[in-house]
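The values are calculated or read from the model by the stated rules, or taken from the named source; none is laboratory data. This structure is a prediction, so every number in the text was calculated from the model and none was measured. Virtual Cβ from ideal backbone geometry, glycine too; neighbours counted across all protein chains shown.
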């Protein structure tokens, strides 16, 4: 659906949009959601450094302990959480690979409040596939991609692939 | 996740039930809770609405506080049921007490009891998860898990690697001496099993009167009575508490003689190889099994063990209470939402 070049171009555009929308990078912190959002956040961080010459802190967040389906389905932390410093007063850009139901983002918003009161939180996603179950919308989107609810969207820096759900 | 050793509808009664895979999972999840412990607000909503009861028929302030702190940091409700007083004095049986508390709606029982097997009994009576917090001379699984976590953390720091990526590979061939009152020690039993599962080479060092009557099924490298001979060649020197309150004194000519042969005195600590780690489950009998000043040596992990204890117990409670359930609705979760 998207090639590696498409993904890179989208990330460069998102980086420009972040700078434009916020009129600079004052207090900006990028936080990638584990696991799919982390490489995207790191790539956006490098692009921001190239275009603005400023280093933007990049963190990573695993939202397992904040999910609303704990006890309903198997929930385990998948990877490390590493938030750079106190988030009080900062402008946080959450980065994830796919925006689907919105429940992961809801969990991430709750998790963030435990690290201090951010001045604002924005959301960047590579793919918005629809089917939201919560009133959440992205600020920066790589690609809007209408999907069936049982399809699977795989995002990596190598591209975006749409396929059938792998039976578990 | 239904095949996991710890999960919904399961208990933590013995380290032997976990196996290497289960131990690794606990340590991996504990990494995430160590990070939680470093936050300005060291608390997550993971077990909101769940109730954890600590049922201690034997006093143990540190273990009970560690479990209760762990449960609270997971946002669970905590009820404390000290069995030493209360209804036991009025003649109520353990079973009646447990069933009464269970009827109030409990998700997990953390049980400490002077009789081996009591937590396994409790598990028969309730539909909640049961965690063995020490039963007689039998087992103390969470202590062994937090000790393994601490060893893994120290090994990773020495190697300059991330503990998560290292996994439990560092335990292969690791030389550990477990020193002291092995006979009366549930800590030793759980630890030896955990280390054996992870591939460490464990030597028990104890006077003849303080080794258990049967070792046949223990995964041990050796049993020796000569501490000085092994100190130079161990990576971890694990000192057990001399359990005088369990009658260990009756097995020894004198406490002073024990110290002179098996205490990690300052003289003996000098025999330890470079980089060897000194561990103790606490509470320490200073001047008995451990010198007054050894616990302050940089290589001693005593307080680190306590800190890690909270994270490891959070991992155990989360795995038992929070990771269950089946996948049904593709929109309910999973990758890429």
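Checked against the criterion of being surrounded by fewer than 19 Cβ atoms within 10 Å (Cβ to Cβ), away from chain A (no Cβ under 13 Å), touching a residue at least 24 places away in the same chain (Cβ under 8 Å) and not in a helix (DSSP H, G or I), the candidates B:75, B:80 yield just one match: B:80.
Residues checked against (1) closer than 15 Å to residue A:37 by Cβ; (2) at pLDDT below 95:
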residue: A:80; (1), (2): yes, yes
residue: A:91; (1), (2): no, no
residue: A:94; (1), (2): yes, no
residue: A:107; (1), (2): yes, no
residue: A:118; (1), (2): no, no
residue: A:124; (1), (2): yes, no
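The sole residue among A:51, A:70 that is in contact with a helix residue (DSSP H, G or I) (Cβ under 8 Å, 6 or more places away or on another chain) and over 26 Å from residue B:37 (Cβ atoms) is A:51.
From the list A:133, A:152, the lone residue that is in contact (Cβ under 8 Å) with a residue 24 or more places away in the chain and either surrounded by 17 or more Cβ atoms within 10 Å (Cβ to Cβ) or within 11 Å of chain B (Cβ to nearest Cβ) (or both) is A:133.
Within segment A:12-35, the residues that satisfy the criterion of being under 23 Å from residue A:80 (Cα atoms), within 14 Å of the chain's Cα centre (by Cα) and either surrounded by 24 or more Cβ atoms within 10 Å (Cβ to Cβ) or modelled with pLDDT of 95 or more (or both) are A:29, A:30, A:31, A:32, A:33.
May I ask you to verify whether residue B:130 is assigned to a helix (DSSP H, G or I) and touching a strand residue (DSSP E or B) at 6+ places or on another chain (Cβ under 7 Å)? Let's see the steps before the verdict.
Details: assigned to a helix (DSSP H, G or I): no; touching a strand residue (DSSP E or B) at 6+ places or on another chain (Cβ under 7 Å): yes.
So residue B:130 does not fit the description; no.
If you go through segment B:55-72 and keep only what is modelled with pLDDT of 90 or more, in contact with a strand residue (DSSP E or B) (Cβ under 8 Å, 6 or more places away or on another chain) and either in a loop (DSSP other than H, G, I, E, B) or buried (at least 21 other Cβ atoms within 10 Å of the Cβ) (or both), you end up with B:55, B:56, B:57, B:63, B:67, B:71.
Let's see how each residue does on (1) more than 14 Å from chain B (Cβ to nearest Cβ); (2) over 24 Å from residue A:120 (Cβ atoms); (3) out of contact with any strand residue (DSSP E or B) (no Cβ under 9 Å at 6 or more places or on another chain):
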{"position": "A:37", "(1), (2), (3)": "no, no, no"}
{"position": "A:42", "(1), (2), (3)": "yes, no, no"}
{"position": "A:58", "(1), (2), (3)": "yes, no, no"}
{"position": "A:66", "(1), (2), (3)": "no, no, yes"}
{"position": "A:72", "(1), (2), (3)": "no, yes, yes"}
{"position": "A:91", "(1), (2), (3)": "yes, no, no"}
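Taken over segment B:32-47, the criterion of being surrounded by 14 or more Cβ atoms within 10 Å (Cβ to Cβ) and within 9 Å of chain A (Cβ to nearest Cβ) is satisfied by B:32, B:33, B:35, B:36, B:39, B:42, B:43, B:44, B:45, B:46, B:47.
Of all residues in segment B:117-134, those being more than 21 Å from residue B:62 (Cβ to Cβ) and surrounded by 14 or more Cβ atoms within 10 Å (Cβ to Cβ) number 9.
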